[in-house]
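Data block below; observations after.
Values in this text are rule-based calculations from the coordinates and carry no lab data. Computed from a prediction, not measured in an experiment: that's the story for all the values here. Here the Cβ is made from the backbone with ideal geometry for all residues, glycine too, and neighbour counts use every protein chain on show.
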Amino acid sequence: MRTDALFIGIEVADDHAADPDLAARLEEVCPVDIYAAAEDGGGVRIVEDNVDECVLCRLCLDASPPGAVRVLKLYEDGAEL
Ligand code: SF4
């Protein structure tokens, strides 16, 4: 799944997006609440209204398996964080 705001895009690989443990970790680490654990335990939800608040801290990347989450800087031609 991918959600693009104006400056930032967030992509969670489909084979990881349904993982409730990953969803809980992402919800916990992101300082600006870009991730939420779906209420039905169904995995990661991207909170579209918060996406442009990203502070490029990399905490979501550190909390995820390699390649599961991508933070894309749309203002730099989509360069990956
Ligand atoms: S880089 Fe930081 S602020 Fe941006 S989505 Fe990841 S955890 Fe949230």
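Summing Lys and Arg as +1 and Asp and Glu as -1 over all other residues whose Cβ lies under 10 Å from the Cβ of Ile8 gives a net charge of -2.
Compared with the dominant principal axis of the Cα atoms in the chain, helix 20-29 is inclined by about 50°.
About the centre of its Cα atoms, the chain shows a dipole size close to 220 debye [charges on the beta carbon of Lys, Arg (+1) and Asp, Glu (-1) only; nearest 20 debye].
Quick one: grab the alpha carbon gyration tensor of region 2-80, order the square roots of its eigenvalues as a ≥ b ≥ c, and give me rounded if a/c is under 1.5, else prolate or oblate depending on whether a/b is larger than b/c.
Judged from the Cα gyration tensor, region 2-80 comes out prolate (a/c at least 1.5, a/b above b/c).
Please give me the summed charge of the neighbours of Ala63: other residues whose Cβ is under 12 Å from its Cβ, Lys and Arg +1, Asp and Glu -1. Local charge sum for Ala63: -3. Distance between the 7 Å Cα→Cβ label points at Val47 and Val29: 1.7 nm.
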